[in-house]
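The structure appears below as structure tokens.
The values are calculated or read from the model by the stated rules, or taken from the named source; none is laboratory data. Because the structure is predicted, anything quoted here is derived from the model rather than measured. Here Cβ is always computed from backbone atoms with ideal geometry, including for glycine, and neighbour counts include all displayed protein chains.
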Amino acid sequence: MSTIRQVELGYAPCTVCDQDVRLRLSDGTRTRRVPVGVHGPRGDRCPGSRKPGKTFLEYTGLPTWDRMSDLDKGCALMFLWKCHWERSYAYARDNYPCTYRGDQILAGLTRLEACRHAMAVTGGYRAIDRMLGNDEFKRLYDLALTADRAVS
Ligand SMILES: [Zn+2]
């Protein structure tokens, strides 16, 4: 059972009214964030129409990287390393999902949500590897590895 807000695939919460709005169909231009569709009553459309909706982290309120414990950071890194090694987010998610062990809310996420969170807070393996550097990456990773061995 999930405890966080569920947003249907193809929808995002509006940044103004917070209602889940269907994303606009792609017009072929590549944008990082897809805007939500026009919504609200005729003659009084929501000003959030045609703007990018809330991100996963924004609408769930889950901790960002800065607010995570070192142990949970390591847990996220273990998963990202698997994605990198297997060259597949989907394969890593299905076979070596992110397992948080510190923060209670993070530890209570479903496996899919935890994987999504790990990607959202880091921007993926290359981005976080570049930001942390090898030594810090390894230090955090080893924390999670030790915890992982203790429970399995
Ligand atoms: Zn709105």
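Go through (1) of a type in the set (K, R); (2) surrounded by 13 or more Cβ atoms within 10 Å (Cβ to Cβ); (3) at pLDDT below 95; (4) away from the ligand (no atom under 16 Å from the Cβ) for R32 and report which single condition fails.
Going through the list (1) of a type in the set (K, R); (2) surrounded by 13 or more Cβ atoms within 10 Å (Cβ to Cβ); (3) at pLDDT below 95; (4) away from the ligand (no atom under 16 Å from the Cβ), R32 breaks only (2).
Can you pull out the residues in the range 35-79 that are touching a residue at least 60 places away in the same chain (Cβ under 8 Å) and within 16 Å of the ligand (Cβ to nearest atom)?
Selection gives T55 alone.
Show me the helices (runs of 4 or more DSSP H) found entirely inside the range 105-152 where at least 3 residues are over 16 Å from L57 (Cα atoms).
On the way: elements: 111-122, 125-132, 134-151.
The helices (runs of 4 or more DSSP H) meeting that bar are 125-132, 134-151.
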